[in-house]
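Notes follow the structure.
The values are calculated or read from the model by the stated rules, or taken from the named source; none is laboratory data. Being a predicted model, the structure only gives us computed values, none of them experimental. Because the Cβ atoms are built from the backbone with ideal geometry, glycine has one as well, and the counts that use them run over all protein chains shown.
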């Protein structure tokens with residue numbers, strides 16, 4: 001069996017920036033262990049697989065070690081592949097996923113993602129998270145991941161977390177965030193439990209970040225930058241309990257997978 005595979009850099013227009021995701025179009029689902037093995041072989045933060053159905057596309061995401069319920073950058077990457085390479089007549093794609101229906105629209109040279117808001121509540125685990133991050137946390141919130149608010153952008157840039165201690169925390173990962181110098185807010189995301197020490201750019205994290213900063217700054221439209229080594233940017237807008245993310249993507253490579 002031969003499968004096409006694309007590598008798409010999400011949340012960037014650059015060849016060596018953003019978050020690279022592998023995207024594998026399928027006619028029908030492979031066994032879960034085969035998809036997991038492909039994701040492990042790719043060793044990217046996410047590998048997305050999609051199958052076209054009568055009314056939409058079914059989409060699943062795998063890290064190198066596990067399947068996940070939601071991934072923003074690989075959804076953007078999958079939408080790019082569908083509309084730019086596989087179904088070029090389309091300008092909008094509906095994905096059916098574990099986390100519900102997700103939509104990706106093409107608008108000129110950008111893509112618009114329609115994602116659900118992720119709620120969070122104040123957490124008392126500031127001491128443990130501060131210790132794992134090696135930096136003082138101003139305030140801490142818990143959803144699927146922890147969201148730690150730091151003093152300013154310099155703290156975000158200089159943070160060097162202890163990955164072993166992060167793995168001991170009870171939630172999947174830790175988002176760190178602060179007001180930005182040249183954008184509304186900046187962030188980084190660490191998820192060593194999921195096989196990702198630091199994710200280059202995390203669309204799903206902004207489903208928690210954007211509502212928080214929208215409330216703090218009293219504005220519905222915000223600019224954001226993730227300060228990983230590769231880096232990436234997006235614009236976020238809160239609309240009726242949805243996070244609308246506008247961003248770019250760029251294809252890096254196309255390959256063929258050979259399965260026995």
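Considering 138, 109, the condition of being surrounded by fewer than 17 Cβ atoms within 10 Å (Cβ to Cβ), at negative phi and modelled with pLDDT under 95 is satisfied by 109 alone. Taking strands (runs of 3 or more DSSP E) as the structural unit, those lying wholly within segment 162-234 and holding at least 2 residues that are surrounded by fewer than 19 Cβ atoms within 10 Å (Cβ to Cβ) correspond to 221-226. Remark: residue 103 falls outside the filter, which requires a residue to be within 27 Å of residue 258 (Cβ to Cβ) and not assigned by TED's automatic domain parsing to the domain that holds residue 227. Across segment 51-58, not a single residue is classified as touching a residue at least 24 places away in the same chain (Cβ under 8 Å), more than 19 Å from residue 191 (Cα to Cα) and surrounded by 24 or more Cβ atoms within 10 Å (Cβ to Cβ).
Within segment 87-103, the set of residues being farther than 14 Å from residue 76 by Cα and more than 21 Å from the chain's Cα centre (by Cα) comprises 87, 88, 89, 90. Select from segment 144-161 the residues that are modelled with pLDDT of 95 or more and closer than 22 Å to residue 70 by Cα and write down the one among them that is surrounded by the most Cβ atoms within 10 Å (Cβ to Cβ). The qualifying residue surrounded by the most Cβ atoms within 10 Å (Cβ to Cβ) is 148.
Only one of (1) modelled with pLDDT under 95; (2) under 26 Å from residue 100 (Cβ atoms) fails for residue 260. Which number is that? The number of the failed condition is (2). Kindly provide the set of residues from segment 116-161 that are in a helix (DSSP H, G or I) and either in contact with a helix residue (DSSP H, G or I) (Cβ under 7 Å, 6 or more places away or on another chain) or over 20 Å from residue 227 (Cα atoms) (or both), ordered by number. Matches in segment 116-161: 126, 127, 128, 131, 132.
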